[in-house]
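The values are calculated or read from the model by the stated rules, or taken from the named source; none is laboratory data. Not measured: the values here are computed from a predicted model. So basically every Cβ, Gly included, is an ideal-geometry build from the backbone, and we count neighbours across all protein chains shown.
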Amino acid sequence: MTTKKQPLPDLSKTELQILNVLWKSKDGSSVREVHNVIHEQFDWAYSTTKTTMDRMVKKGILVRNDFHGIFLYQSTVSKPAGLAKLASFFMNDLLGLDHRAVVSLFTSSNALTKSEIDELEQLLKEENFKT
């Protein structure tokens, strides 16, 4: 995973689902592997999953690497950064909440590690200063 310091584009529900699959994979996943996880939820054809992932590569959200003739995709966005983008939208635009309320939700769950929670909190603080 790369760590670019550029603004994260808005993420759609489907992009977040694809990222969620990729965040669980340390070495990356093929389109087929991602499709097998999400196809029932979205009732998509394989080609739709591939097209979406290729667009995510163009947006800089994913990278594609050739591994012995198989393309493996990896996220360029950390899980905390993706969650911070989504959380800041809900927190600021919809609910008018402070970032600490969102961080406390993740602190009481096992969804993120301690270091990921720290990163999420920092990203949310930065996002708060932009608004």
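For the reader, a short list of remarks on this structure follows.
Conditions tested, residue by residue: (1) in contact with a Ser or Thr (Cβ under 8 Å, 6 or more places away or on another chain); (2) at pLDDT 70 or above.
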site: Ser78; (1), (2): yes, yes
site: Leu97; (1), (2): no, no
site: Ser109; (1), (2): no, yes
site: Ile117; (1), (2): yes, yes
site: Leu120; (1), (2): no, yes
site: Leu124; (1), (2): yes, yes
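- A count restricted to the stretch 106-121 and to residues that are surrounded by fewer than 17 Cβ atoms within 10 Å (Cβ to Cβ) and not in a helix (DSSP H, G or I) stands at 5.
- From the list Val34, Val103, the one residue that fits, being surrounded by 14 or more Cβ atoms within 10 Å (Cβ to Cβ) and at pLDDT below 80, is Val103.
- Condition check for Asn65: without any contact (Cβ under 8 Å) to a residue 24 or more places away in the chain, of a type outside the set (Phe, Trp, Tyr) and out of contact with any Lys or Arg (no Cβ under 6 Å at 6 or more places or on another chain): no
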